[in-house]
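Report on one structure; see the data block that follows.
The values are calculated or read from the model by the stated rules, or taken from the named source; none is laboratory data. This is a predicted model, so every value here is computed, not measured. Every residue, glycine as well, gets a Cβ built from its backbone with ideal geometry; the counts of neighbours run over all protein chains shown.
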Amino acid sequence: METNNPLNASSIDTKQLFYHGTKADLKTGDLIEIGFHSNYGKKKQAKYIYLTATLDAAIWGAELAAGDARERIYIVEPTGQIEDDPNLTDKKFPGNPTKSYRSLHPFKVVGEITEWEGHAPEQLNAMRNHLEQLRQQGIEAIED
């Protein structure tokens, strides 16, 4: 597999926190793995799982995830190699300022951020409208 700026679990700064925003109800010790249906786009089976080193990006993930369940932000540890998320870094934010990554390897839930502030309703609606426009143009939010 060709990777985009790969990082191995053994080379990741252990002081660096990683987050996963979702609406899934998980507990400490659970693994977030590929193979489940994606929270985005056509909700097809996910080939990658995603994490971020910024709380803001995790908040977007939780807010934009499909479903009516409670928005959650988990602190996760990668168990294997991660790479820059090309859905963001190659197309929208060169250099990965959102510190968004993806992996084929599970993430272990090590905690949860229980107090956080979401985006303003206008910001959230603007993002949802933008994603809907992309969907109507046939552009998926998550591309493999």
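Go through the range 39-65 and report how many residues are hydroxyl-bearing (Ser, Thr, Tyr), at pLDDT 55 or above and not in a strand (DSSP E or B).
Step one: filter the range 39-65 for residues hydroxyl-bearing (Ser, Thr, Tyr), giving 40, 48, 50, 52, 54.
Filter once more, so that each one left must be at pLDDT 55 or above: 48, 50, 52, 54.
Retained after the next criterion (residues that are not in a strand (DSSP E or B)): 48, 54.
Looking only at that region, the number is 2.
Given the conditions (1) of a type outside the set (Asp, Glu); (2) closer than 23 Å to Lys15 by Cα; (3) at pLDDT below 85; (4) buried (at least 17 other Cβ atoms within 10 Å of the Cβ), and given that Pro97 satisfies all but one, which numbered condition is not satisfied?
(4)
Look through Glu117, Glu140 and report the one residue that is modelled with pLDDT of 90 or more, part of a loop (DSSP other than H, G, I, E, B) and out of contact with any strand residue (DSSP E or B) (no Cβ under 9 Å at 6 or more places or on another chain).
Glu117
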